[in-house]
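Okay, so here's the structure we're looking at.
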Amino acid sequence: MMKQLRRVHPLYYLALVLFIAALVASTLTADTSGGVARSASVYDAGPGGTAALRKYFEAMGASTTTVQGDTFAANPSEIGVLFMLAPSEAFTPPDVVALRRFVTGGGTAVLATDIGVFERSLLDAFDVHVVGALGPGQYSVGGVAFADPPARTIALDRGVTLSLGPGRVPLVSTAGRIIVALAREGSGSLIVVGSVAPFLTAELVEADNGRFALALAAQAIATRRAVAFDEYHHGVHPTTDVLVLLTRTWPGRALVFTGVVLFLYLVASGRRLGPAIPLDPRPPRSSLEYIRGFAGLVRRSGHGEIARRRFRRELRGALARELGLDPETPIGDIIAELATTDRARAARARALDEALARPLRDDALLRTVREIGLVIGTRKTGGTA
C-alpha cells in the first residue's frame with residue numbers, strides 16, 4: 001500500500017513565489033559594470049560616482065556647485081550648465097517647470113540616463129523619449145558641439161536609444177539609433193545623453209569620455225558661469241514625509257518587505273498574536289431569565305401593550321378553539337357562545353379581555369395572566385374530571 005502523500009503547507013508555496021520574484025528582480029537589476037554601484041553623485045568618490053568629473057572641470061578652470069536643498073531650482077544667470085546624471089528620484093511637475101524656466105532663461109541642462117524611468121516626465125515635457133537599449137562599445141561622435149575640445153569616440157558599457165519629436169536634433173547616432181539629442185527651448189537647450197557611463201569616475205579616462213563631458217560644459221566655462229550638478233534628485237534635500245525612510249531607502253524597503261511577509265505568514269498559517277482567551281465558564285441561562293429579560297425590555301420601552309395584546313390573542317384563540325370557532329371570531333360572539341354553557345366563565349373571560357385592553361401595572365398584569373390560565377384550563381379540568 002502506497003504511503004499517503006503529506007499535504008504541503010501553503011506557506012511553502014508562498015515562500016517559493018517570493019524567492020522566484022526576488023531572483024527575477026535581482027536578474028533584471030543586475031549591474032553589468034563589473035559590480036560598480038552607479039550613484040553618479042559628486043559626493044561619491046568611488047568608481048560609480050562623479051567626484052572625479054567635478055575635480056576635472058575645476059582643473060580646467062570651471063567653477064562648480066550643486067543644486068540641492070528644500071526645492072529644485074537653478075538660476076541661469078549664475079549657472080551656465082546643469083548636469084543631471086542618473087537621477088534616483090522622479091521629476092515632479094514643479095521640478096519640470098523649474099527646469100524649463102532654467103532652459104528658456106538661457107541655461108543648458110545635460111540629462112544622462114541609463115533607463116529613463118525617473119526622468120520620464122521630464123523627457124516627455126521636452127518631447128524626447130527612450131525607445132530601446134544600447135549595448136556596450138565605443139561610438140563615434142562629431143560635429144560642432146564636440147569640437148572644443150575635440151571628442152571623436154565615447155566608450156559606453158550600457159545605455160538607451162532615443163526618439164525625437166519635431167524640432168529636436170540628434171547630436172550622436174549610430175546605425176540610425178540616436179544616443180545624444182538636443183532640444184532647444186527659448187534661449188537655452190536640454191541635451192539628453194543615453195548613458196551615464198562617460199561621466200563616471202571608472203569610465204572618464206576611456207576613449208574621449210573626458211573630452212566629451214568637457215565639451216558639454218564648455219559654454220559655462222566660456223561665459224564664466226558655474227557648472228552645477230543636480231544632487232537634489234539624488235536625495236540631497238529635506239523631506240516632511242515620514243514614509244520616505246520606508247520608500248526611498250533600502251533598509252526601509254527591507255523593513256516593509258519583512259512586514260508584508262510576516263503578515264502573509266500570519267494569514268496563511270492562521271497564527272494568533274498572543275495566548276488563546278479561554279471561554280467564559282458561566283452556566284447557561286434558564287428560560288425564566290430570558291422571560292424576565294424580555295419583560296424588562298418591554299417595561300423599559302414603555303410599550304406594555306405588546307404583552308397585553310399577546311395575552312388577549314391567546315385568550316381569544318384558546319376560547320375559540322374550545323368552542324370550535326375561527327380564532328379571528330370577534331370576542332363578543334365568542335363570549336355569547338360561551339355564555340350558553342357557562343355564564344360565570346363567560347363573565348370572567350369578558351372581564352379579563354376588558355382588563356387587557358387598558359394599561360396595567362406589573363402585579364396586575366401577572367394576576368391577569370394567572371386568571372387567564374384558570375379560565376382557559378377550567379373546561380379542560382372539568383372535562384378530565
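The values are calculated or read from the model by the stated rules, or taken from the named source; none is laboratory data. Fair warning: this is a prediction, and the values are worked out from it, not measured in the lab. With ideal geometry, Cβ positions are generated from the backbone for all residues, glycine too; neighbour counts draw on all protein chains shown. These area figures cover heavy atoms from the full protein model, side chains too; ligands, DNA and RNA do not enter into them. Shrake-Rupley method; radii C 1.70, N 1.55, O 1.52, S 1.80 Å.
Descriptive notes on the structure:
- Put simply, of Phe263, Phe294, Phe257, Phe311 the only residue that is part of a helix (DSSP H, G or I), under 30 Å from Thr368 (Cα atoms) and modelled with pLDDT of 75 or more is Phe311.
- Under the condition of being in contact (Cβ under 8 Å) with a residue 24 or more places away in the chain, of a type in the set (A, V, I, L, M, F, W, C), open to solvent by 20 Å² or more (accessible area, probe 1.4 Å) and not in a loop (DSSP other than H, G, I, E, B), the residues counted in the range 49-78 number 1.
- Extreme residue, nearest to Val97 (Cα to Cα), among residues of the range 178-228 that are polar (S, T, N, Q) and open to solvent by less than 30 Å² (accessible area, probe 1.4 Å): Ser189
- Only listed residue being open to solvent by less than 30 Å² (accessible area, probe 1.4 Å), over 24 Å from Glu206 (Cβ atoms), touching a helix residue (DSSP H, G or I) at 6+ places or on another chain (Cβ under 9 Å) and in contact (Cβ under 8 Å) with a residue 12 or more places away in the chain, chosen from Phe118, Phe126, Phe146: Phe126
- Selection of the range 90-114 for residues being of a type outside the set (Ser, Thr, Tyr) and exposed (fewer than 15 other Cβ atoms within 10 Å of the Cβ) yields Ala90, Pro93, Pro94, Val97.
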